[in-house]
Each structure stands twice: as C-alpha cells, then as structure tokens.
Amino acid sequence: MREVLVIGAGPAGLAAARAARDAGASVVLLDSSDALGGQFWRHLPSTRPSRNEKLLHHGWSRFHRLSDALESDARVRILPSAQVWAIEVLDGVAVHAIIGEPDGRQRERRVFRPDALVLATGAHDRTLPFPGWDLPGVFTGGAAQALAKGERLAVGERVLVAGAGPFLLPVAQSLTLAGSRVLAVLEANHAARLIRGWSPRPWQLLGAAGKGVELAGYVAGQVRHRIPYRLGRAVIAAHGTDRVESVTTARLDAHWAPVAGTEETVEVDAICVSHGFTPRIELAIAAGCALTRERFVVVDEHQRTSIDGVYAAGEITGIGGADLALAEGEIAGFSAAGGTSRSGPARSGPARRRRIFTGVANRIEVAHGIQPGWTEWLDDATVICRCEEVDCGSLRTVARSTQSESFRALKLSSRAGLGICQGRMCGRTVEHLLCTFSENVPLKDDAHSDRRPIALPLRLSELAEPTSHKDQRKGNHD
Amino acid sequence: MVPSHEDPIRPDDPITLSITVDGEVITGLQGQSIAGVIMANDRLGFRQTAKRDRPRGVFCGIGVCFDCLVEVNGLRDVRACQRKAGDGDMVVTQGNSGPQDPELHGSELHEDVS
C-alpha cells in the first residue's frame, strides 16, 4: 500500500490526510503540537473537554469530522509532538523527525521514507518592529489566539489590537470571549485601499460564502461588543519599564508612514500586533521546492511542487485562510495517494472552492499588504533582531560602513537574524532594511532568511543518538 | 483566566496542579502550558536578555520566537509556551549569565547556513 506522510495537522494537513486515505493510501500524520487542529483550530486539551467549544471556532464541526475519521482509522498513524528538523531528497524523500516533549530530553529520533510527502506547515504572524515591541505585554495576534482558545487565558485586561488584515478581527473576538476589554482594532490601511481590494467584481465573492460568513461573524461580534475598528492608524511605539504600560498610536498615510501631529497615547496592559503572515517554508526549501517571487511554494493544479513526490497545501502556497487550506489539502492528499480519476478533487468541488478562495487571498494582499512607509516609525534604538538584540542604528551602520552587497555577509557582520529563532521573527524585516540601508537593491547574492537546513534548534546530545529504525520502510537504512 | 463556571464554552471542571517558579509555588490547570500557568499568575516577564539585561515574555505564543525560554527541571532553553506544565515542575527563569554547568545543559545546534 502506498504511504503518504503529511507534515502539519492544521486544516490543510487534516484534509490531505483524509483525502489520501479515501484514495487508498496509508497515512502518517506528524505535528509538532500534542493535539490536532493546528493554530486555526487550537482548542482546550483533552483533559478539559467542553460542551460548547464551537463558540470559539469557525468550521468546528468540519474539524471534528476530520479528526474523528483520522483518529479511528487503523491505517492512519498520528504522531503528535513530532518536530521535523530536516528533509533530504536523494533517492526518494527522507523526513527526519524528533519526537517527544518540546525541547525535552531523550526524545526519539526517527527517519521516515514515505512514497509521497504533503507539506502543510502553515504560517506564523509577521509583526513589524516598532520602538518597545520587545517589552513583555506586546504579543502577536497568534499568541493571543493560542492562549485564549487553548487555555481560556486573556493576555490582558485592557488590550489594543493593531496591524493589518482581516485576521485581526478573530483576534479581537477571541480576546473578548476570554474576558479582555478590547479598546480598539487599528487597521493600518485606509478605507480607500480596503475598498479597492475588496469591492471589485463582488460576484466572485458570492461563492466564498463560508469566508464571507466567517468575516461577517467577526464584524457582527465587533458591533455587539462595541469595539471601534479604526482605519489608517497604527501602534508606532510601546512604553513601559518592565512591561507595556501605554502605547503611542498615529494616523498613517496611504504608504503607512506616520503623520506627524496625529499621535495619541493609550493606556493598556497588553497589545496584540500582526501585519500579516510569514509562511513556514523551510522544509519546502530543504526539499528543493521551487518558490514564487513572493516566496510561496509553487504548486500545479494537483498541488504538486517542483519536486517529484512532494506536494504542498495551505498557507505555504499563499496566505488564504482555512477554507482555501482545506480545499488545497483535499487535492494534495488525493494526488499524493496516486489518485488519478477524472472526477478527482482537482477537477471537481475542491478545485472550484480553491479558485474562489484564491480570489479571497488575492484580495487580502491587495487590501492589506505591507506598505514601505512603516520604516519611518523606527528609531535608531529600536530592536530589530529580538534574539541578538541588534538595533536599527547598528544595522544601518553595518550596511553603510561595509558597503557589502551580500545579504549573508551583512548578517554575519551585524548578527541580525542569527539567533535562536533562526530569523523567523526578523528575517524578512532584516532583508528589507538592509536593502534600504545599503542602497544596493537588490543585494547581489541570492541568499534569503527562509533557508534553515536544520529546521529547529536541537541539542547536540540528541543529534548524537542513533536513529530509531522502526519507521523505516522496505528495509531501508541510512 | 476565564473562570470555568462563567465560561460560555462550558468546560469540565479543571484539575489543578502546582509548579515552582524561581522558588515560588503557583497553581495552574492540567493541560496548560508553563507559559500559561505563569501568565495566569500575573507575571509577564520570563527571562532577561543577554546583552541589554531587558525583560522578555511570551511574544508569538506558538513556539516560533523562542522569547519565553525557561529552565525546566534542570534543563535550560525550554519554550514555556510549548511545554505542558507537569505537577511539581521546577521552573527557573533564565538570566543573562549563560549556563553554569555545561554537563547539565548541553550545547545547542542552530546553525544558519543561508
């Protein structure tokens, strides 16, 4: 029987696993978390079941249908707490995972050699730096969501939500349902841009009823809770000694540059700031998959990447939300299982849904994408690389004094992006700032911040342990 | 924390546990992350940074930023947002002094080869 390995148990990965089984393959499903659902369907642990959890979720019944089917299927092996740290493609695909308590001791190393691989690794928040963003009490939207949905914990009592994109609305809703008072949601873009992005050819959105209903639900939630939604405004600084105590907000122009004289001070005990998402593409890069210019994984209509036997679905092919991820996952799982029938999902319902929700994804980018003027809210002391504590002034000095045209050399000189998060938080920002400061646009090497051959920090003692061979197939050994 | 009996999602009554953070015993709920237990006890800062000695707390909440690293039961550099709290866990927040005992802590590999 053909074996499909799926990395990531969010909407895309769950749909892929299910479709691969339906097409007759056996499935191995790996996820770094100890529960299914990914960040989107993050929920209370099994030790604390709840009767009405659907209140917190969009598509909760879909999640239950998928996870129940997979959990009760003897031909699906679900391996939670499994972190994939490397992928090699030589004679077939080898997936290296480490399984056990996060960052724990004596985790087990395993190597999988599936017939096909589906990458469904998702995305994390992208937060642009601003003075004070390293203070405790400044969170990404994802952190607020994870704690509210996974633990029923509100990150603060008086909270401001800021940044860009429709996903700020579910953050505000989750916070409210966890007991926070959300003072306002600040969207960096002005009404004109939102209208330009969202309103053309509205009939195309009709098919996206699910998304429409999801977003409409959040807007209705905001009205009910009377949360102001302010356009063209951003948090440009956070203040406090050991934690955030207040923030400065300002009106932005159409390019996101703050407008002098429009500053307001707001007292808060937490803020949640996200300016979009960064796809988690290091495993796709390790597998050798081709990327688009915007650095998403290139896929064809069957969700095939440029590498034989490797498929991709969900946010790593474009930021489009859960509905698009589900449609892509279904197609990827079917294709990875070797499904070829003409009525397969690449030709039917999922393909239609994929087309509709790709349209939604494009609108999100047109309406909410990052604009270059934000760098004007930085000052020289603003921390850019959180791990290595490299500030904006040092980055500029390194760029100007070395006159280097190499991103790699500039990173090594400045140390920006070289810390333990492996440039996940600041990488793309550092690229942008170095290009701006060095006035050599673009930098002349083709290096970028998303390449991480070792995809997570490992302890050397763990790397030295022999690999468990029980998952290797067909008698292969390394 | 949303009190269980007031929560509209109607969760089962939680089972409590306790952990020790820098010598102080605090209580949490089974299934919570160490970060969640600490934050629910009104503490936001988790570590002091190496260069500037500045406080850092949970930032990304999903295991990506590594800002919430703590020492758990003698092992350094554990992401508090990812590790589930276990009853009796001994948690020590990390300062700027680095590991004292390399035997115990082990080195780390996080190469950047881009």
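The values are calculated or read from the model by the stated rules, or taken from the named source; none is laboratory data. Just so it is clear, the model here is predicted, and its values are computed rather than measured. Cβ atoms come from the backbone with ideal geometry, glycine included; neighbour counts cover every protein chain shown.
Tabulated values for the structure
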| read-out | value |
| --- | --- |
| Qualifying position, being hydrophobic (A, V, I, L, M, F, W, C), assigned to a loop (DSSP other than H, G, I, E, B) and more than 14 Å from chain B (Cβ to nearest Cβ), among A:370, A:364 | A:370 |
| Residue match in region A:111-118 (condition: of a type in the set (Lys, Arg), more than 17 Å from residue A:312 (Cβ to Cβ) and more than 10 Å from every other protein chain (Cβ to nearest Cβ)) | yes |
| In region A:16-51, the residues that are within 14 Å of chain B (Cβ to nearest Cβ) and either of a type in the set (D, E, K, R) or at positive phi (or both) | A:31, A:34, A:37, A:38, A:42, A:48, A:51 |
| Subset of region A:176-196 that is of a type in the set (D, E, K, R) and farther than 22 Å from residue A:159 by Cα - its residue that is farthest from the other protein chains (Cβ to nearest Cβ) | A:196 |
| Yes/no for residue A:466 being surrounded by fewer than 17 Cβ atoms within 10 Å (Cβ to Cβ) and either within 24 Å of the chain's Cα centre (by Cα) or within 14 Å of chain B (Cβ to nearest Cβ) (or both) | no |
| Residue tally, condition buried (at least 18 other Cβ atoms within 10 Å of the Cβ) and more than 15 Å from residue A:20 (Cα to Cα), over region A:52-73 | 7 |
| Members of region A:409-457 found to be of a type in the set (Gly, Ala, Ser) and either surrounded by fewer than 17 Cβ atoms within 10 Å (Cβ to Cβ) or within 13 Å of another protein chain (Cβ to nearest Cβ) (or both), listed by number | A:409, A:414, A:416, A:417, A:419, A:423, A:427, A:447, A:449, A:455 |
| Residue satisfying all of: in region A:52-77; within 14 Å of chain B (Cβ to nearest Cβ) and outside any helix (DSSP H, G or I); nearest to the chain's Cα centre (by Cα) among these | A:57 |
| All positions within region A:21-40 that are touching a residue at least 60 places away in the same chain (Cβ under 8 Å) and part of a loop (DSSP other than H, G, I, E, B) | A:23, A:24, A:25, A:32, A:38, A:39, A:40 |
| Odd one out for residue A:234 among (1) over 25 Å from residue A:449 (Cβ atoms); (2) part of a strand (DSSP E or B) | (1) |
| Filtered residues of region B:1-54 (kept if out of contact with any strand residue (DSSP E or B) (no Cβ under 9 Å at 6 or more places or on another chain) and part of a strand (DSSP E or B)) | B:24 |
| Any pair with Cβ under 7 angstrom, 6 or more apart, that starts in region A:53-68 at a residue that is under 18 Å from residue A:145 (Cβ atoms) and ends at one that is among the acidic types (Asp, Glu) and surrounded by 15 or more Cβ atoms within 10 Å (Cβ to Cβ) | A:58/A:214; A:60/A:53 |
| Residues of region A:377-388 satisfying the condition of being surrounded by fewer than 16 Cβ atoms within 10 Å (Cβ to Cβ) and either hydrophobic (A, V, I, L, M, F, W, C) or touching a Pro at 6+ places or on another chain (Cβ under 8 Å) (or both) | A:379, A:381 |
| Every residue from region A:6-20 that is touching a strand residue (DSSP E or B) at 6+ places or on another chain (Cβ under 9 Å) and assigned to a helix (DSSP H, G or I) | A:12, A:13, A:14, A:16, A:17, A:18, A:20 |
| Residue B:14 more than 21 Å from residue A:154 (Cβ to Cβ) and modelled with pLDDT under 90 | no |
| Residues being buried (at least 22 other Cβ atoms within 10 Å of the Cβ) and at the interface with another protein chain (Cβ under 9 Å from one of its Cβ atoms) - total across region A:391-408 | 1 |
| Any chance residue A:278 is touching a residue at least 12 places away in the same chain (Cβ under 8 Å) and over 14 Å from the mean Cα position of the chain (by Cα) | no |
| Candidate set: region A:104-125, residues that are charged (D, E, K, R) and surrounded by fewer than 24 Cβ atoms within 10 Å (Cβ to Cβ); chosen: the one modelled with the lowest pLDDT | A:105 |
| Filtered residues of region A:336-354 (kept if modelled with pLDDT of 85 or more and surrounded by 14 or more Cβ atoms within 10 Å (Cβ to Cβ)) | A:336, A:337, A:338, A:339, A:350, A:351, A:353, A:354 |
| Residue in region B:13-27 that is within 19 Å of residue A:35 (Cβ to Cβ) and facing chain A (nearest Cβ under 9 Å) present | yes |
| Region A:286-313, subset more than 16 Å from the chain's Cα centre (by Cα) and assigned to a strand (DSSP E or B), residue surrounded by the most Cβ atoms within 10 Å (Cβ to Cβ) | A:311 |
| Number of the exception - residue A:86 against (1) surrounded by 21 or more Cβ atoms within 10 Å (Cβ to Cβ); (2) within 13 Å of chain B (Cβ to nearest Cβ); (3) closer than 19 Å to residue A:307 by Cβ | (1) |
| Checklist (1) modelled with pLDDT under 85; (2) crowded, with 22+ Cβ neighbours inside 10 Å applied to residue A:477, failing item | (2) |
| Residues being in contact (Cβ under 8 Å) with a residue 40 or more places away in the chain, under 18 Å from residue A:165 (Cα atoms) and part of a helix (DSSP H, G or I) - total across region A:314-328 | 6 |
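For (1) surrounded by fewer than 20 Cβ atoms within 10 Å (Cβ to Cβ); (2) at the interface with chain A (Cβ under 7 Å from one of its Cβ atoms), each residue gets a yes or a no:
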position: B:36; (1), (2): no, yes
position: B:41; (1), (2): yes, no
position: B:46; (1), (2): no, no
position: B:56; (1), (2): no, yes
position: B:61; (1), (2): no, yes
position: B:73; (1), (2): yes, no
position: B:80; (1), (2): no, no
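For every residue, the table says whether it meets (1) at pLDDT below 95; (2) farther than 29 Å from residue A:453 by Cβ; (3) in contact with a helix residue (DSSP H, G or I) (Cβ under 9 Å, 6 or more places away or on another chain).
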position	(1), (2), (3)
A:32	no, no, no
A:38	no, no, yes
A:47	yes, yes, no
A:59	yes, yes, yes
A:90	yes, no, no
A:95	no, no, yes
